[in-house]
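Here's the structure we're looking at; comments come further down.
The values are calculated or read from the model by the stated rules, or taken from the named source; none is laboratory data. Keep in mind that this is a model prediction, so the values were computed, not measured. Using ideal geometry, Cβ is built from the backbone for each residue, glycine included, and neighbour counts are taken over all protein chains shown. To get the accessible areas, we keep the full protein, side chains included, count just its heavy atoms, and leave off ligands, DNA and RNA. Shrake-Rupley method; radii C 1.70, N 1.55, O 1.52, S 1.80 Å.
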Amino acid sequence: MSPIKSYTLTFIFFLFSLLSFGQQNEFQTSGDEYYSNQDYENAFTSFKKCYETDSLNVKCLQSAGLSAYRLGDIPEARKLFLELIKTDSTNRIGLTQLATIFEQSKNTPKAIKYYNQLTKIFPDNAVFYRKLAQQYQGAGLMTEAFTNYLKGNALNKRDLFTIKGLAELFITNKQYSEADSMLLEGLRMDTFNINLHFLMAQSKYKQKSYDSTVHYLTNIIGRIDFSPYYNKMLGYSYIQIDSFEKSIPILFKALNDPGSAENAHYYLATAYNELDNKPYAKHHYEKALEEGISGNVDIYHRVLAKMYNEENQLSKAIDHYKDAYKYGKDPLVLFYLARAADVYYKDKNIAINYYKKYYKSNHSNKEYVTYAKERARQLKEVQHQSRAQSN
């Protein structure tokens with residue numbers, strides 16, 4: 001090839017490269033302008049053309065992925081970011097966007113994979129540790145969650161999301177003093193943080209510190225509508241500190257949730273009973289029985305039996321005592337059943353059988369056992385004398 005011809009080809013290639021570079025720059029410039037104006041559709045088109053013109057332009061590939069993500073075209077964004085990290089395996093934006101996409105789509109294993117990579121590449125970034133911990137927590141891997149929350153907290157003491165996550169794990173693990181310490185630290189930074197108040201109330205409730213439970217929940221009343229769970233918690237805590245009247249309107253709100261209705265009715269019955277409003281108390285005990293799916297059914301029958309017994313409605317009392325024993329198998333209920341039957345039935349064999357069943361149960365109350373044996377003996381004697389007289 002002659003020198004002149006070789007020079008000509010080189011010059012043509014140079015011109016072509018300049019034109020391609022100029023066109024690629026033009027696509028990138030217009031893409032940047034569209035993106036800054038939030039015109040993501042045109043931005044995506046420009047950045048995609050820029051990358052197609054120059055496959056080594058990582059900036060255009062990255063911007064095309066970001067534009068697709070902004071458009072909500074998650075499959076396209078995911079494809080572009082996966083291509084991006086093939087080109088640059090430590091690209092922070094690519095890895096972060098992939099982690100976010102998989103997090104949002106509830107693909108926890110993939111989210112964990114990319115957040116793990118981010119913590120290794122950027123070990124001083126507290127947010128990545130917290131995000132990784134949240135994914136582990138959602139997957140039920142509490143040890144891994146705890147480890148990463150601690151790393152995040154060590155890097156940034158003011159991250160309230162990390163404080164919340166650590167407190168949740170401490171409460172789950174019944175480490176209440178550690179949970180309270182974390183939550184107090186968070187509340188010192190943000191007195192109005194509703195989530196931290198809820199968690200502190202939960203911790204105090206589990207510790208049976210009902211006055212503190214009331215304190216933390218009443219601090220946020222009016223700022224958010226409580227779920228039935230927290231209404232039930234507050235109502236029960238009021239009962240435990242003898243604020244029965246305050247508990248009632250709160251517990252009525254808990255009735256809106258079928259899952260909380262049984263306990264809410266039971267607590268309402270307790271409050272009304274303490275306020276000596278027997279009709280309302282009985283109504284809510286009966287409603288608790290209707291909802292009854294827990295292991296407390298024997299308690300409802302037992303309380304109702306006691307109330308009917310005190311009102312001398314022995315037929316109803318006996319029915320509830322029978323059901324209380326059926327569901328709870330507490331031998332003491334047999335003693336109360338025997339005494340009610342003793343008064344109600346003319347046929348004393350019914351009472352005798354319950355007394356015998358009670359004292360043969362080896363119940364720990366020696367006084368009651370002695371009474372049951374003696375009373376059964378007396379009833380038998382009365383029966384014997386009656387038969388003798390009739391003969």
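Structural remarks
- Paramagnetic label zone (point 7 Å from Cα along Cα-to-C-beta, residue 225; backbone N under 17 Å) in segment 237-253: 250-253
- Whole-Hz ³J(HN,Hα) from phi, Karplus 6.51 cos²θ - 1.76 cosθ + 1.60, for segment 110-116, glycine and proline x: 5, 4, 4, 4, 6, 5, 4
- Folded to 0 to 90 degrees: helix 74-87 orientation relative to the chain principal axis, Cα: 60 degrees
- Gyration tensor verdict on segment 286-391 (Cα atoms; rounded if a/c is under 1.5, prolate if a/b is larger than b/c, oblate otherwise): prolate
- Radius of gyration and maximum dimension Dmax of the chain, Cα, Å: 36.6, 149
- Inter-centroid distance (Cα atoms) of segment 106-142 relative to segment 266-318, Å: 51 Å
- Cα long-axis angle, helix 244-254 against the chain (0 to 90 degrees, to the nearest 10): 50 degrees
- In degrees, nearest ten, helix 258-274 long axis to first principal axis of the chain (Cα): 40 degrees
- In order through segment 294-300: 3J(HN,Hα) via Karplus (6.51 cos²θ - 1.76 cosθ + 1.60), integer Hz, x for Gly, Pro: 9, x, 9, 4, 4, 5, 4
- Where trypsin sites (Lys or Arg not before Pro) fall in DSSP loop in segment 316-362, at most 16 other Cβ within 10 Å: 329, 346, 360
- Cα gyration tensor shape of segment 113-179, rounded if a/c is under 1.5, else prolate or oblate by comparing a/b with b/c: oblate
- The trypsin sites (Lys or Arg not before Pro) of segment 73-155 that DSSP puts in a loop, and whose beta carbon has at most 16 other beta carbons within 10 Å, are 106.
- Distance from segment 152-185 to segment 329-367 (C-alpha centre basis), Å: 53 Å
- Whole-percent carbon and sulfur share, accessible surface of segment 275-320, 1.4 Å: 47 percent
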